[in-house]
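Beneath this line is the structure, given in structure tokens, with notes to follow.
The values are calculated or read from the model by the stated rules, or taken from the named source; none is laboratory data. Remember, it's a predicted structure, so these values are computed and weren't measured experimentally. Quick reminder, even Gly has a Cβ in these numbers, built from the backbone with ideal geometry, and neighbours come from all protein chains shown. Just so you know, the surface numbers come from the protein's heavy atoms only, side chains and all, with ligands and any DNA or RNA stripped out. Shrake-Rupley method; radii C 1.70, N 1.55, O 1.52, S 1.80 Å.
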Amino acid sequence: MMGFEGYGVSPWMWILGSLMMVIVLGGAILLVVWAFRAVVEPRPDSSALDVLKRRLAAGEITQDEFEKTRRLLES
């Protein structure tokens, strides 16, 4: 019966190849998660008023809600 060496590849090469594949796939997954979070989550340097203005522009809140919340933030 022929082992891995019969094909010119040692068992260590299979292990190394598998390990490299796990590292590459793990890195790709981390990159996708990082990119998704960078797009979806609000910036930490955004002030509450900036977030409020963005929500008004996106139509998530009405002008009345904007004014009421802005007054609360400024007091």
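Considering only residues of the range 57-67 that are of a type in the set (A, V, I, L, M, F, W, C) and under 25 Å from the mean Cα position of the chain (by Cα), which is least open to solvent (accessible area, probe 1.4 Å)? It comes out as 58. Cβ separations smaller than 6 Å between residues 6+ apart or across chains give the following pairs from the range 47-68 residues that are without any contact (Cβ under 8 Å) to a residue 24 or more places away in the chain to residues that are of a type in the set (Lys, Arg) and open to solvent by 70 Å² or more (accessible area, probe 1.4 Å): 61/55.
Need the failing condition index for residue 44 against (1) outside any helix (DSSP H, G or I); (2) modelled with pLDDT of 85 or more, just the number. Only one criterion is unmet by residue 44, namely (2). In the set (1) in contact with a Pro (Cβ under 9 Å, 6 or more places away or on another chain); (2) modelled with pLDDT of 90 or more, residue 32 fails one condition alone, (1).
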